[in-house]
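The values are calculated or read from the model by the stated rules, or taken from the named source; none is laboratory data. What you are looking at is a predicted structure, and each value in this text was computed from that prediction instead of being measured. Neighbour counts run over all protein chains shown; Cβ positions are idealised from the backbone, glycine included. Areas reflect the complete protein model, heavy atoms only, side chains present, ligands, DNA and RNA absent. Shrake-Rupley method; radii C 1.70, N 1.55, O 1.52, S 1.80 Å.
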Amino acid sequence: ADGAALVRALELGPVHVVGVSMGGMIAQQFAIDFPELTRTLTSVMSTPAPMDVGTPTPECQAMLLTPRSDDLATFLEEEVRNWTFTGGTYGVDEDWVRAQAIEARERAHHPDGVYRHLLAAMGSPDRRPGLASVTSPTLVLHGTADPLMTPSGGDATAAAVPGARLVTYEGMGHSFPRPLWGAIIGEIVAISTLSD
């Protein structure tokens with residue numbers, strides 16, 4: 001609703017709605033609730049029903065529920081380990097992971113926020129019935145090696161939206177590996193032209 005209010009206040013008209021992970025859940029709900037404001041929908045590494053499909057692997061669930069260190073050096077190593085674990089077969093840029101972790105921590109360090117996000121995602125309703133009414137061109141992108149939002153989430157999202165296009169990337173986990181940037185951007189640009 002906040003996003004819709006912003007779109008209206010800025011007089012943007014229908015917009016291209018793109019969401020990643022929990023943002024994908026929010027993007028799906030936006031398209032359901034505000035069809036008149038949704039030009040296209042792109043759901044990336046997400047799920048329509050987190051307690052049913054796309055659920056994290058047991059190992060990933062354990063990682064999410066492990067308290068993080070307050071010591072900065074240890075925290076940064078935890079970040080690298082977690083990104084490596086969820087990143088799929090492409091590996092991670094450890095320097096980038098550390099830099100973004102420091103930036104995020106300096107901006108707002110609230111460890112309980114992770115648990116609030118998890119509870120919000122788990123408590124959200126099954127969006128599949130609502131997604132069945134989405135008529136905007138819809139793109140679903142997902143990695144085959146995603147342990148955080150497992151591929152069944154992408155499959156279920158695409159199956160729920162009539163005419164949705166599902167694109168999967170072999171070996172991609174829960175991140176955007178640099179070698180796939182061009183392909184991912186190309187897919188998003190391509191769907192945006194369908195509504196022109």
Query - Residue list for the stretch 129-142, filter: surrounded by fewer than 20 Cβ atoms within 10 Å (Cβ to Cβ) and either touching a His at 6+ places or on another chain (Cβ under 6 Å) or under 27 Å from ALA183 (Cβ atoms) (or both) - result: THR135
Report task. Determine whether GLY113 is farther than 14 Å from THR47 by Cβ and surrounded by fewer than 16 Cβ atoms within 10 Å (Cβ to Cβ). Result -> yes
Query raised in the report: Name the pairs whose Cβ atoms lie under 6 Å apart, with the first residue in the stretch 5-16 and free of Cβ contacts under 8 Å to residues at least 60 places away in the same chain, the second in a strand (DSSP E or B) and open to solvent by 60 Å² or more (accessible area, probe 1.4 Å), and 6 or more positions between them or separate chains?
Result: VAL15/ARG39
Query raised in the report: How about the stretch 76-90: which of its residues are of a type in the set (A, V, I, L, M) and without any contact (Cβ under 8 Å) to a residue 24 or more places away in the chain?
Result: VAL80
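Residues checked against (1) part of a helix (DSSP H, G or I); (2) loosely packed, with under 12 Cβ neighbours inside 10 Å:
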{"residue": "GLU78", "(1), (2)": "yes, no"}
{"residue": "VAL92", "(1), (2)": "no, no"}
{"residue": "ASP126", "(1), (2)": "no, no"}
{"residue": "HIS174", "(1), (2)": "no, no"}
{"residue": "ILE185", "(1), (2)": "yes, yes"}
Requested in this report: Report yes if ALA156 is without any contact (Cβ under 8 Å) to a residue 24 or more places away in the chain and among the small types (Gly, Ala, Ser), otherwise no.
Outcome: no
**Report entry** Flag for THR157 being touching a Ser or Thr at 6+ places or on another chain (Cβ under 6 Å), β-branched (Val, Ile, Thr), at pLDDT 95 or above and closer than 14 Å to ALA31 by Cα
**Finding:** yes
**Report entry** Residue among PRO50, PRO67 that is in a loop (DSSP other than H, G, I, E, B) and under 22 Å from SER124 (Cβ atoms)
**Finding:** PRO50
**Report entry** Residues being over 12 Å from SER46 (Cα atoms) and of a type in the set (Asp, Glu) - total across the stretch 141-181
**Finding:** 1
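Out of the stretch 39-59, which residues are open to solvent by 10 Å² or more (accessible area, probe 1.4 Å) and in contact with a strand residue (DSSP E or B) (Cβ under 9 Å, 6 or more places away or on another chain)?
At the first step, the residues of the stretch 39-59 found to be open to solvent by 10 Å² or more (accessible area, probe 1.4 Å) are 39, 50-53, 55-59.
Answer for the stretch 39-59, where residues must be open to solvent by 10 Å² or more (accessible area, probe 1.4 Å) and in contact with a strand residue (DSSP E or B) (Cβ under 9 Å, 6 or more places away or on another chain): just ARG39.
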Report summary line: PRO179 passes all but one of the listed conditions (1) over 29 Å from PRO14 (Cβ atoms); (2) crowded, with 18+ Cβ neighbours inside 10 Å; the exception is number (2)
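Being of a type in the set (D, E, K, R) and open to solvent by 60 Å² or more (accessible area, probe 1.4 Å) is the filter; apply it to the stretch 99-110 and report the residue that is nearest to ILE32 (Cα to Cα).
Step one: of the stretch 99-110, the residues of a type in the set (D, E, K, R) are 103, 105-107.
Filter once more, so that each one left must be open to solvent by 60 Å² or more (accessible area, probe 1.4 Å): 103, 106-107.
Working: GLU103: 34, GLU106: 35, ARG107: 32 Å.
Applying the filter and picking the extreme gives ARG107.
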Query - Pair list, Cβ under 6 Å, 6 or more apart: the stretch 91-119 residue under 12 Å from PHE75 (Cα atoms), other residue open to solvent by less than 80 Å² (accessible area, probe 1.4 Å) - result: VAL97/GLU79; VAL97/VAL80; VAL97/TRP83; ARG98/LEU76; ALA101/LEU76; ALA101/GLU79
Query raised in the report: If you scan the stretch 147-172, which residues turn out to be open to solvent by 30 Å² or more (accessible area, probe 1.4 Å) and in contact with a Phe, Trp or Tyr (Cβ under 7 Å, 6 or more places away or on another chain)?
Result: none
